[in-house]
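**Student:** The structure follows.
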Amino acid sequence: MRNVTGRLMLLDTASLYFRAYFGVPDSVRAPDGTPVNAVRGLLDFIDRLVKDHRPADLVACMDADWRPKWRVELIPSYKAHRVAEERPSGPDEEEVPDTLSPQVPVIEAVLDAIGIARVGVAEYEADDVIGTFTTRARGPVDIVTGDRDLYQLVDDARGVRVLYPLKGVGTLQATDEAVLREKYGVGGAGYADLALLRGDPSDGLPGVPGVGEKTAAKLLAEFGDLAGILAAVDDPGARLTPTQRKRLTEALPYLAVAPKVVRVADDVPLPDVDTALPRAPRDPEAVRALAARWGLGGSLERLLTTLGR
């Protein structure tokens, strides 16, 4: 990674192409009839993001492993409901709509031909790649994701915010610490603790039974962070109700491992990659071939025009 001091935009690519897939009709097809709604939708997303925010650097962060075994070993239920097939070696197969899976290699090929940096690292999720890029960046960072887990990276002091799509990418919620405190009662630094206390059924995280979002926020307001809450459990004089103390005590085994699962890694071994926003396609011939083969038409042309400005 080069010395990035301008605005860095990090895409949670799978989150965005899932949204494109469900937001763009599957009547959008290649000349041979293959659906390309996720491909064209993602290209339109990126075009709009670059037009509106003009990042100096852009990285499409990928899930090389959507369910890392080191997370599953700590919490076996982690994303278990989304497993299509368990594999003894390598990543498990994720349940993905039949007409989306074939589009992912096309997305990767198009990004590579354009010259948009694409980074996935074995045994890590895109969230971890994003966390590491964010930690290393020396300038402001925009994280584009439909996954609230990444709110934990929001940091006003460093200019790190999450652009959260509310409707397509035409309407983005620019999530800073004020937005988080208003909605959740915590800033970026406290969001991971809130999330692991509350739990998240969509990721198979049980949370602490009986502790919802409001109770979690109150506990964090009272005791500061998870470490403070755990210290309170051991302190008979701490201001915990008997029910809260009982629930937290019963959840101690979960609370001992949940932080490593919920908090994104910030030490992923990133490859050496040029993250600069390309002004012209890296491989013009490949771009032309992909455009013709998959009927990418206006979506690709608009993005290339935007990049060249």
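**Student:** Being assigned to a loop (DSSP other than H, G, I, E, B) and either among the charged types (D, E, K, R) or under 23 Å from residue 219 (Cβ atoms) (or both) is the filter here; which residues of the stretch 154-172 pass it?
**Tutor:** Step one: filter the stretch 154-172 for residues assigned to a loop (DSSP other than H, G, I, E, B), giving 154, 159, 168-170.
Correct list: 154 only.
**Student:** Evaluate the stretch 269-281: report whether one residue or more is out of contact with any strand residue (DSSP E or B) (no Cβ under 9 Å at 6 or more places or on another chain), of a type outside the set (Ser, Thr, Tyr) and within 30 Å of residue 78 (Cβ to Cβ).
**Tutor:** Yes, some residue in the stretch 269-281 is out of contact with any strand residue (DSSP E or B) (no Cβ under 9 Å at 6 or more places or on another chain), of a type outside the set (Ser, Thr, Tyr) and within 30 Å of residue 78 (Cβ to Cβ).
**Student:** Name the single residue that is farthest from the chain's Cα centre (by Cα) among those in the stretch 165-199 being of a type in the set (Ser, Thr, Tyr) and within 23 Å of residue 78 (Cβ to Cβ).
**Tutor:** 184
**Student:** Which one of these does residue 62 not meet: (1) touching a Ser or Thr at 6+ places or on another chain (Cβ under 8 Å); (2) open to solvent by less than 10 Å² (accessible area, probe 1.4 Å); (3) within 16 Å of residue 130 (Cβ to Cβ)?
**Tutor:** It is condition (2) that residue 62 fails.
**Student:** Additional query: Kindly indicate which of 41, 23, 6, 33 is of a type outside the set (Asp, Glu) and at positive phi.
**Tutor:** Matching residue, one of 41, 23, 6, 33: 33.
**Student:** Same structure, new question: For a quick check of your reading: which helices (runs of 4 or more DSSP H) sit entirely within the stretch 68-153 and have at least 1 residues that are of a type in the set (Phe, Trp, Tyr)? Steps first, please.
**Tutor:** Values: elements: 69-74, 103-114, 126-136.
Correct list: 69-74, 126-136.
**Student:** Follow-up question, since we're still on this one. Go through the stretch 140-168 residue by residue and tally those that are touching a strand residue (DSSP E or B) at 6+ places or on another chain (Cβ under 9 Å), open to solvent by 10 Å² or more (accessible area, probe 1.4 Å) and over 23 Å from residue 200 (Cβ atoms).
**Tutor:** Adding up the residues that qualify gives 3.
**Student:** Can you pull out every residue in the stretch 202-255 that is among the basic types (Lys, Arg) and under 32 Å from the mean Cα position of the chain (by Cα)?
**Tutor:** Within the stretch 202-255, 214, 218, 247 qualify.
**Student:** Can you go through 125, 85 and tell me which one is under 27 Å from residue 23 (Cα atoms), acidic (Asp, Glu) and surrounded by fewer than 16 Cβ atoms within 10 Å (Cβ to Cβ)? Quick ask: steps written out before the conclusion?
**Tutor:** Numbers: 125 fails: surrounded by fewer than 16 Cβ atoms within 10 Å (Cβ to Cβ).
Result: 85 is the single residue among 125, 85 that is under 27 Å from residue 23 (Cα atoms), acidic (Asp, Glu) and surrounded by fewer than 16 Cβ atoms within 10 Å (Cβ to Cβ).
**Student:** Among the residues of the stretch 173-188, write down those that are open to solvent by 40 Å² or more (accessible area, probe 1.4 Å), more than 23 Å from residue 260 (Cα to Cα) and outside any helix (DSSP H, G or I).
**Tutor:** 173, 174, 176
**Student:** Can you confirm whether the stretch 191-198 contains a residue that is basic (Lys, Arg) and surrounded by 14 or more Cβ atoms within 10 Å (Cβ to Cβ)?
**Tutor:** Yes: the stretch 191-198 contains one or more residues that are basic (Lys, Arg) and surrounded by 14 or more Cβ atoms within 10 Å (Cβ to Cβ).
**Student:** For the structure I just gave you, tell me whether residue 118 is open to solvent by 10 Å² or more (accessible area, probe 1.4 Å) and under 18 Å from residue 270 (Cβ atoms).
**Tutor:** So residue 118 passes the test.
**Student:** What residue, of 52, 57, is open to solvent by 50 Å² or more (accessible area, probe 1.4 Å) and over 30 Å from residue 258 (Cα atoms)? Walk me through it before giving the result.
**Tutor:** Values: 57 fails: open to solvent by 50 Å² or more (accessible area, probe 1.4 Å).
Just one listed residue meets the conditions, 52.
**Student:** Continuing with this model, one more query. Which of the residues that make up the stretch 23-64 are in contact with a Lys or Arg (Cβ under 9 Å, 6 or more places away or on another chain) and in a loop (DSSP other than H, G, I, E, B)?
**Tutor:** Within the stretch 23-64, 24, 28, 30, 31, 32, 36, 54, 55, 56, 62 qualify.
Listed here are the residues, each with its yes/no results for (1) free of Cβ contacts under 8 Å to residues at least 40 places away in the same chain; (2) closer than 18 Å to residue 112 by Cα; (3) under 19 Å from the mean Cα position of the chain (by Cα).
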residue: 12; (1), (2), (3): no, yes, yes
residue: 17; (1), (2), (3): no, yes, yes
residue: 20; (1), (2), (3): yes, no, yes
residue: 24; (1), (2), (3): yes, no, no
residue: 29; (1), (2), (3): no, no, no
residue: 45; (1), (2), (3): no, yes, yes
residue: 51; (1), (2), (3): no, no, no
residue: 59; (1), (2), (3): no, yes, yes
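The values are calculated or read from the model by the stated rules, or taken from the named source; none is laboratory data. Bear in mind the structure is a predicted one, so any value in this text is a computation, not a measurement. FYI the Cβ positions are ideal-geometry reconstructions off the backbone, even for glycines, and counts take in every protein chain you see. Keep in mind that these areas ignore ligands, DNA and RNA; they rest on the heavy atoms of the full protein, side chains included. Shrake-Rupley method; radii C 1.70, N 1.55, O 1.52, S 1.80 Å.
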